[in-house]
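> A single structure is presented below for examination.
The values are calculated or read from the model by the stated rules, or taken from the named source; none is laboratory data. Since the structure is predicted, the reported quantities are computational estimates derived from the model, not experimental observations. A quick note on method: Cβ atoms are made from the backbone with ideal geometry, for glycine too, and the neighbour counts reach across all protein chains shown. Ligands, DNA and RNA are stripped out before the accessible areas are found, and what is left, the full protein with its side chains, is counted by its heavy atoms. Shrake-Rupley method; radii C 1.70, N 1.55, O 1.52, S 1.80 Å.
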Amino acid sequence: MLKQILSKFPKKVPKSDPPDSSARGDSGNSTSFGNVFQCTNVGSTISSKLNVVKRVSSVVFPASMNAGVEAVDPNLSFKDVSNTQKQNLFISKLNLCCKVYDMSDPDKNSAEQEVKRQTLVDLVDFVSSGSVKFTEPAIAAVCKMCASNLFRVFPPKFRTSSTGGETEDEEPMFDPAWSHLQVVYDLLLQLINYNSLDVKVAKIYVDHAFILRLLDLFDSEDPRERDCLKTVLHRIYGKFMVHRPFIRKSVSNIIYRFVFETERHNGIAELLEIFGSVISGFALPLKEEHKVFLLRALIPLHKPKSLGIYHQQLTYCIVQFIDKDPKLACTVIKGLLKYWPVTNSQKELMFLSELEEILEMTSMVEFQKIMVPLFRRISYCLNSSHYQVAERAHLLWNNEHILNLITQNRQVVLPLVFSALVHNTQNHWNQAVLNLTQNVRKMLSQMDEDLVLACQRKLDEQDSSSRAAAERRRITWERLEATAAANVQCVGGGGSGGDIIVPVNPATACSVACC
């Protein structure tokens, strides 16, 4: 009878049996706090789920990622194992290659370095043969090996040049570990290009942190590494659509830091080369995000002194934007005028070259919005004492599309540049510039002779009034000097024998009016 009564009471759950307590659903809700957070039933279930989320989100390469993979001697050849073991051997070899050696001393660990290099070559050959299957353990092992070998902190830059990145006069610096790095990049590229790659699984390991570390490598001083990175990042952008906004934002941040803070970065040209093809694939109408990238990242890139290193790629990106949306031409030209160099003739030549490409794609409506400040700047270039700048400005008239724009708006454009052409004819020192000036003046006369004559008359009137004003200033100064001399009286001093300056009454000091 007593046993029957006791059996009706709920049994006490032992603390040492968490699986049983978590499986009981909502039968209990007791909670205790101590050094370790403990919950029974529902609390235990929630805690276990939170632990799983934390583990997946915070650890890119968990220690258990090779769980269930049979260990195989990594020194074996793929030819010496059965087909069923090749996948395990592939992962074993990847784990072997995670060890990084100091390559600055070729005599140190030379045997181990050669073994690793040969192992990397075997891995690439195995992937190229098509025998590999990129399962999740294989993807994790490849990403871990690439991270171990590629992600590193570069030594401080000791270049004396103040420009960012390498210049034409500096020898490129090559990484002594390139014999290993090249094969690692090749293997990573084959992973990204794998046709049957499960992107949903791969993005767990090729995540935002992985991409950020890849972008950091673009500052490498080895041009071979930057070229490999360019290909890898472009493939990642194409394969992982979910990462595209993050990549664009991260590259924008690199450009912001380069333009507004450091002006030092080795990989701006490669990043712009990637974005040249990315911009060409933008859908129409352009998103506001893309226009912001043009305004806040690409146009300010004209500011740094090292523009020559990446100007070709920058111009291509700018042209791609205008090709997508011709209304952006006015905005781009305003940006060029804002950052137009005043004392750097080489940059001015680049600006003129880029300006010609942009004007070739500019419509009449957009041209009319910007033509006044634009040709004021061009008139200064026509008068430049640097003969190459003056020549490049004159050659704009040889472009048929630009000449057509000028012809249709000659009533505005011609008066802005006519005085500069006349000044060149009278004063410029270079014979080639003088010849080009004569050709442009002849072209303008054929375009509208009456307008040219009107500009000439107006210029003569301005010169006449300028000469008259100069003559009046000269006469005024002569009167001032004569009056000042007449009012200064020097008389013999007292015992000291010095001169005494007699003060002049201010009311009668000067009777000449200044004009």
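> Just the residues that are of a type in the set (S, T, N, Q) and either part of a helix (DSSP H, G or I) or within 37 Å of the chain's Cα centre (by Cα) (or both), please, taken from region 122-131.
Scanning region 122-131 gives a single hit, 128.
> Follow-up. Look through region 70-121, keep the residues that are β-branched (Val, Ile, Thr) and assigned to a helix (DSSP H, G or I), and return whichever of them is nearest to residue 189 (Cα to Cα).
If we take residues in region 70-121 being β-branched (Val, Ile, Thr) and assigned to a helix (DSSP H, G or I), then 121 is nearest to residue 189 (Cα to Cα).
> With respect to the numbered conditions (1) touching a residue at least 12 places away in the same chain (Cβ under 8 Å); (2) touching a helix residue (DSSP H, G or I) at 6+ places or on another chain (Cβ under 7 Å), which one is the sole condition not fulfilled by residue 341?
Residue 341 satisfies every listed condition except (1).
> Right, next: Just to be sure I understand, how many residues within region 221-248 are free of Cβ contacts under 8 Å to residues at least 12 places away in the same chain and among the charged types (D, E, K, R)?
Number of matching residues: 1.
> Among 482, 470, which is the only one that is at pLDDT below 95 and surrounded by 11 or more Cβ atoms within 10 Å (Cβ to Cβ)?
The unique qualifying residue is 482.
> For region 384-413, what are the residues that are loosely packed, with under 15 Cβ neighbours inside 10 Å and more than 31 Å from the chain's Cα centre (by Cα)?
Within region 384-413, 385, 398, 400, 403, 404, 407, 408, 411, 412 meet the criteria.
> So, in region 333-370, exactly how many residues are more than 21 Å from the chain's Cα centre (by Cα), open to solvent by 20 Å² or more (accessible area, probe 1.4 Å) and within 20 Å of residue 413 (Cα to Cα)?
Selection size over region 333-370: 8.
> So, residue 271, is that one modelled with pLDDT of 95 or more, assigned to a helix (DSSP H, G or I) and closer than 25 Å to residue 213 by Cα or not?
Yes.
> Taking only region 243-272 into account, find how many residues are open to solvent by 60 Å² or more (accessible area, probe 1.4 Å) and either among the hydrophobic types (A, V, I, L, M, F, W, C) or more than 30 Å from residue 201 (Cβ to Cβ) (or both).
5
> I've got another one for you. Residue check: is residue 263 within 16 Å of residue 347 (Cβ to Cβ) and acidic (Asp, Glu)?
yes
> One residue is enough: does region 416-423 have a residue meeting the conditions among the small types (Gly, Ala, Ser), under 24 Å from residue 455 (Cα atoms) and surrounded by fewer than 19 Cβ atoms within 10 Å (Cβ to Cβ)?
So far as region 416-423 goes, yes, one or more of its residues are among the small types (Gly, Ala, Ser), under 24 Å from residue 455 (Cα atoms) and surrounded by fewer than 19 Cβ atoms within 10 Å (Cβ to Cβ).
> Another question, then. In region 283-299, what count of residues is obtained for those that are in a helix (DSSP H, G or I) and either over 11 Å from the mean Cα position of the chain (by Cα) or over 13 Å from residue 351 (Cα atoms) (or both)?
Counting residues in region 283-299 that are in a helix (DSSP H, G or I) and either over 11 Å from the mean Cα position of the chain (by Cα) or over 13 Å from residue 351 (Cα atoms) (or both) gives 11.
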